[in-house]
Amino acid sequence: MIIGKSKKDLEKMRAAGRLAGEVREALRRMARPGITTLELDAAAERMIRDAGALPTFKGYHKYPYSICASVNEQVVHGFPSNYELRDGDILSVDVGATLNGWVGDTATTVPIGDTVPESWLALIRVTEECLERAIRECWPGKHLGDIGWAVQEHAERHGYTVVREYVGHGIGRKMHEDPQVPNYGKPGTGAKLRAGYVIAIEPMVNMGTEKTKTLKDGWTVVTLDGRPSAHVEHTVAITEEGPEVLTRVSDSGADRAGSAEAEAAAVSKV
Ligand code: MF3
Ligand code: CO
Ligand code: CO
């Protein structure tokens, strides 16, 4: 059952989405060679709690951390760890914040340092384009298949594959609501979008095979062939006026060279 959101609900989701987006951008700026993904996790948890919100992921089906940190061939659900990010890595960070009972869910893939190969940067760029194309489909009367097709068509045109085993989702008071939002599909098929629906769209795009496996930790999803994967996500409301991206925040406000503390202080004022 798809739960439509009222104007009032949307206002609260806007605040949750904005916070999740601010934390995502702070993590993007902190993600540099030498920092551990556990340090990013701690910073994210502090920013979220300081803003009066809860880290949505922590305890979700016993997930132990506040963010997912997935490096290189890791697709999604990577555990933060003592791994120090290295020049040439790509890192997907996924953040969830529950503010006043409403959830925002967002992710981005960040190149670390300046030796990431051009072909990996292209993978990230195309994955971001897939998300933007999918967002443009978010009008009342369009179908879920239009969203999936927008992602799939663009990714495959560039020679990449889309992950099938994990999908986007409706979102509201719970992180995962109906409907499922696949990154593949046929135009004009699937559930019809209505004003008041809010969905998390999250393309997972692989350079090689679309097949994945889960590591022994029970969470970390990696590509079967070990080639890199990119993942980006926005929480998007469907309105009569078209798509409203609740997790979109500008990257310009905060000091790019700021310390973790400065980032946390900036975010807690949101
Ligand atoms: N945020 C992920 C998603 O986009 C889900 C994370 S699962 C959790 O759907 F256990 F880490 F919370
Ligand atoms: Co997410
Ligand atoms: Co999600």
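For the chain, the gyration tensor built on C-alpha atoms gives an oblate shape. Its axis ratio a/c (a ≥ b ≥ c) is at least 1.5, and a/b is not larger than b/c.
Give the shape of segment 1-147 as rounded, prolate or oblate, defined through the alpha-carbon gyration tensor: a ≥ b ≥ c are the square roots of its eigenvalues, a/c under 1.5 means rounded, and otherwise the shape is prolate if a/b is larger than b/c and oblate if not. Don't skip to the end; give the middle numbers.
Values: a/c = 2.18, a/b = 1.25, b/c = 1.74.
Oblate is the answer for segment 1-147, as a/c is 1.5 or above yet b/c matches or exceeds a/b.
As a proxy for reagent exposure, 126, 162 were ordered by neighbouring Cβ count within 10 angstrom, fewest first; the result is 126, 162. Residues 5, 213, 12 in ascending order of nearby Cβ atoms (within 10 Å, fewest first): 213, 12, 5. Listed values for segment 87-92 are Karplus-derived 3J(HN,Hα) couplings in whole Hz (6.51 cos²θ - 1.76 cosθ + 1.60, θ = phi - 60°), namely 3, x, 6, 10, 10, 8, and x replaces Gly and Pro.
Which one, 199, 147, 112, has the greatest fluctuation when you compute a Gaussian network model over the chain with C-alpha springs under 10 angstrom? Among 199, 147, 112, the largest GNM mean-square fluctuation belongs to 112. Annotation: extensible slack from residue 139 through residue 84 equals 15.6 nm (criterion: 0.36 nm per residue apart, minus Cα-Cα distance).
Please state the shape class of segment 58-137: rounded when a/c is under 1.5, otherwise prolate if a/b exceeds b/c and oblate if not, all from the C-alpha gyration tensor. Display every interim value, and only then the final one.
Working: a/c = 2.70, a/b = 1.24, b/c = 2.19.
It is oblate, given that a/c is not under 1.5 and a/b is not larger than b/c.
Note on the chain: helix-only mean residue ellipticity at 222 nm, from DSSP H runs of 4+ residues weighted -39500 (n - 2.57) and normalised by residue number, equals -9500 deg cm²/dmol. Of all the options 23, 95, 222, the one that moves most in a Gaussian network model of the chain with Cα springs shorter than 10 angstrom is 222.
Taking the chain as a Gaussian network, where each spring joins two C-alpha atoms under 10 Å apart, which residue of 155, 191, 230 fluctuates the most? Evaluated over the chain, the most mobile residue of the options is 191.
On a 31 Å Cα-Cα criterion, which of the cross-link pairs 5/211; 8/58; 12/213; 174/216; 58/216; 12/186 come out too long? Intermediate results must be reported in sequence, preceding the final value.
Values: 5/211 35 Å; 8/58 27 Å; 12/213 36 Å; 174/216 27 Å; 58/216 19 Å; 12/186 33 Å.
Check vs 31 Å cut-off fails for 5/211; 12/213; 12/186.
Please give the residues of segment 51-74, grouped as numeric ranges, whose backbone N is less than 18 Å from a label point set 7 Å along the Cα-to-Cβ vector of residue 217. It comes to 56-74, nothing else.
Just so you know, all these numbers are worked out from the coordinates, no wet-lab data involved. Because the structure is a prediction, the values reported are computed rather than measured. Backbone-built Cβ (ideal geometry, glycine too); neighbour counts: all protein chains shown.
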